[in-house]
Amino acid sequence: MKQLSSSCLCGAIVLRLPDAFDYMGHCHCGGCHKFSGADYATVGGLDADKVELMKGGAARALYQKSAEPQLAFCRHCGSSLYPLKRSSGKLNLRLSCLDEAPSMSPGFHLFVGSRAPWHEMNDTRPQFETHP
Ligand SMILES: [Zn+2]
Ligand SMILES: [Zn+2]
């Protein structure tokens, strides 16, 4: 299995994961807007226990957003790394932090009901009001 690495802007944190995502999509939810600072976040989902923290454990900060998602980011540079859903054990890796391209590509848009009003959707991927 090919392995991918993911790192934060300052390089303090390096993650390693298999190039085998369960799903991949562009998320337009309000949480992703704030957490990423962008119009949407492109995420790839996989089991959290497949993601290895190679470097930077002390730099990784966790924000408990609500009962469910725990958001991981770098306490030095602020890069958003992933939200972790504790009930499912799924981690939604922020693809923008990958150091190389994965073999899967994003297949859909989710939470388009809360998309940024200035953001124009002009591709043909399926759109979901909330979850697929
Ligand atoms: Zn960093
Ligand atoms: Zn989202």
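The values are calculated or read from the model by the stated rules, or taken from the named source; none is laboratory data. Bear in mind the structure is a predicted one, so any value in this text is a computation, not a measurement. Ideal geometry is used to build each Cβ from the backbone, glycine not excepted, and the neighbour counts take in all protein chains shown. Remember, those area values only see protein heavy atoms, side chains included, never the ligands or the DNA or RNA. Shrake-Rupley method; radii C 1.70, N 1.55, O 1.52, S 1.80 Å.
For region 15-47, name all the residues that are in a strand (DSSP E or B), of a type in the set (A, V, I, L, M, F, W, C) and either within 12 Å of ligand 2 (Cβ to nearest atom) or open to solvent by 40 Å² or more (accessible area, probe 1.4 Å) (or both).
Within region 15-47, the first condition is being in a strand (DSSP E or B), and the residues that meet it are 15-18, 23-27, 41-47.
Okay, now just the ones that are also of a type in the set (A, V, I, L, M, F, W, C), so 15, 17, 24, 27, 41, 43, 46.
Listed by number, the residues that qualify are C27, A41, V43.
Out of (1) under 15 Å from the mean Cα position of the chain (by Cα); (2) farther than 19 Å from C27 by Cβ, what's the single condition that is false for G56?
(1)
State all residues of region 68-92 that are part of a strand (DSSP E or B) and not aliphatic (A, V, I, L, M); if no residue qualifies, say none. Talk me through it step by step, then tell me what you get.
First, the residues of region 68-92 that are part of a strand (DSSP E or B): 69-74, 80-85, 90-92.
Answer for region 68-92, where residues must be part of a strand (DSSP E or B) and not aliphatic (A, V, I, L, M): P69, Q70, F73, C74, S80, Y82, P83, K85, K90, N92.
Among the residues of region 56-74, is any under 15 Å from T42 (Cα atoms), in contact (Cβ under 8 Å) with a residue 40 or more places away in the chain, more than 15 Å from ligand 2 (Cβ to nearest atom) and open to solvent by 30 Å² or more (accessible area, probe 1.4 Å)?
No: zero hits.
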